[in-house]
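The structure appears right after this line, and notes come after that.
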Amino acid sequence: MARKPFIAGNWKMNMTAESGKELIAQLKPLVKDTRYNVALCVPAILIPAMVKAAKGSKIKIGAQNVHWAEKGAYTGEISCEQLKEYGVKYAIIGHSERRQYFGETDEGVNKRTLAAIANGITPIVCVGETLEERENGQTEKVLDKQLKDGLNGIEDITKVVIAYEPVWAIGTGKTATPEQAQETIAYIRKKIGKLFDKRSANKVIIQYGGSMNAKNCFDLMEQPDIDGGLIGGASLTTEFAKVVNYLQD
C-alpha cells in the first residue's frame, strides 16, 4: 500500500489568534479537495482557537512540543492530556530549535515520543545534522544515534512520523537538493528497517523539513522516499496551500 503524503506546517513562535484564524479561513477552501493529510502545528496558546477555526476542514491542528509526564511540577510544559482535551492529533518532537536552544536530548525525545504514542497523539520526530556534521562526513553517525536513542522502546514504528531536517537548511533559505534529501531519507528508512523491520520501515511516513516551499516541493516530493514536508516559513501564508496542492497537480 502506498504511503499517504503528509504536509505539516510549523508556525514556530509566530501568529496571533486573530492572524491565525484569518489564515486558516483562507486556507480551508484552498485545501478542501486534498487527498493527503494536512496539519498546522501552532503555538500552545493558540491551539484552542485554531482547533475551532479549522473545524470541519481537512486541516488538523498539532502542537510544537509535548511533555512525557501526565502532570506535575514542569513549569512551561504541556501534557498529552491537555492536548487531547482540544483534539490535537500531532506533536512535533525534537525539533532542531528545541535541541539547539532548549537543550533537548535524544533521551527526552524518546520519553516524549513514547508518551505521545500512548495517548493517541502522532509524534513528528525530527532528526538531522548540522552543516559542520555534514561537511565532516558525520551525517549517518548523527542520524544513527538520533534514531536509535530517540525511537528506543517503540513497539509500532508506523505510529511515528519522521521529519528529516538538515539543520543547515532550517530558516536559512537553503534547501537540500532533491538528490541529497532522497539519499539521506532513504538511509533513514534503511536504518529504521534495521532497528525494527523492513516491512514496517516501508510504511513509515518520512517528511523533508528544510525550507520546503511552493517552488521546490514538487521536485522534492518526486523522490521515492519523501512522503511530505514539515513546512516552516511557507506555512505562515497561503503559500502553504500551494505546497499541499502541488502534490496533486
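Brief remarks follow.
- Expressed as a fraction of 2.2 N^0.38 Å, the value expected for a compact globular protein of N residues, the C-alpha radius of gyration of the chain is 0.94.
- For the chain, modelled as a GNM whose springs connect Cα atoms under 10 angstrom apart, the maximal fluctuation among Leu220, Leu236, Leu30 occurs at Leu30.
- Potential lengthening between Lys203 and Lys52 on full extension [0.36 nm per residue; Cα-Cα distance subtracted]: 51.2 nm
- FRET efficiency for Glu135 and Glu239, using Cβ-Cβ distance with R0 set to 51 Å, rounded to 0.05: 0.95
- Inter-label distance for Leu195 and Lys32, nm, one decimal - labels placed 7 Å from Cα along Cα-to-Cβ: 4.1 nm
- R0 of 45 Å, Cβ-Cβ distance Ala25-Glu183: FRET efficiency to nearest 0.05: 0.70
- Each residue of the range 12-21 was assigned a 3J(HN,Hα) from its phi angle through the Karplus curve 6.51 cos²θ - 1.76 cosθ + 1.60 (θ = phi - 60°); the sequence is 6, 9, 9, 6, 10, 4, 5, 5, x, 4 Hz, with glycine and proline shown as x.
- Put a plus charge on the Cβ of each Lys and Arg, a minus charge on the Cβ of each Asp and Glu, and nothing anywhere else: the dipole of the chain about its Cα centre is then about 800 debye.
- Phi to ³J(HN,Hα) by Karplus 6.51 cos²θ - 1.76 cosθ + 1.60 over the range 98-106, Hz, x for Gly, Pro: 5, 5, 6, 8, 10, x, 5, 10, 4
- The range 24-135: C-alpha gyration tensor shape, a/c 1.5 cut-off, then a/b vs b/c: oblate
- Karplus-derived 3J(HN,Hα) values for the range 66-73, using 6.51 cos²θ - 1.76 cosθ + 1.60 with θ = phi - 60°, are 7, 8, 7, 7, 5, 6, x, 7 Hz; glycine and proline are entered as x.
- Exposure proxy order (Cβ contacts within 10 Å, fewest to most) of Tyr101, Tyr90: Tyr101, Tyr90
- Gyration tensor verdict on the range 1-65 (Cα atoms; rounded if a/c is under 1.5, prolate if a/b is larger than b/c, oblate otherwise): oblate
- For the range 31-104, GluC sites (Glu not before Pro) meeting the loop criterion (DSSP other than H, G, I, E, B) and having at most 15 other Cβ atoms within 10 Å: Glu70, Glu85.
- Look at Val109, Val31 and count the other Cβ atoms within 10 Å of each Cβ; fewest to most, that gives Val31, Val109.
- Computed per residue of the chain from DSSP H runs no shorter than four, each worth -39500 (n - 2.57), the mean residue ellipticity at 222 nm is -11000 deg cm²/dmol.
- Remark: Asp149, Asp144, Asp33 ranked as Asp33, Asp149, Asp144, counting other beta-carbon atoms within 10 Å and listing the fewest first.
The numbers here are math on the coordinates, done by the rules we state, and not lab data. Since this is a predicted model, take the numbers as computed values, not measurements. Heads up, the Cβs are rebuilt from the backbone with ideal geometry, glycines too, and the neighbour counts pull from every protein chain shown.
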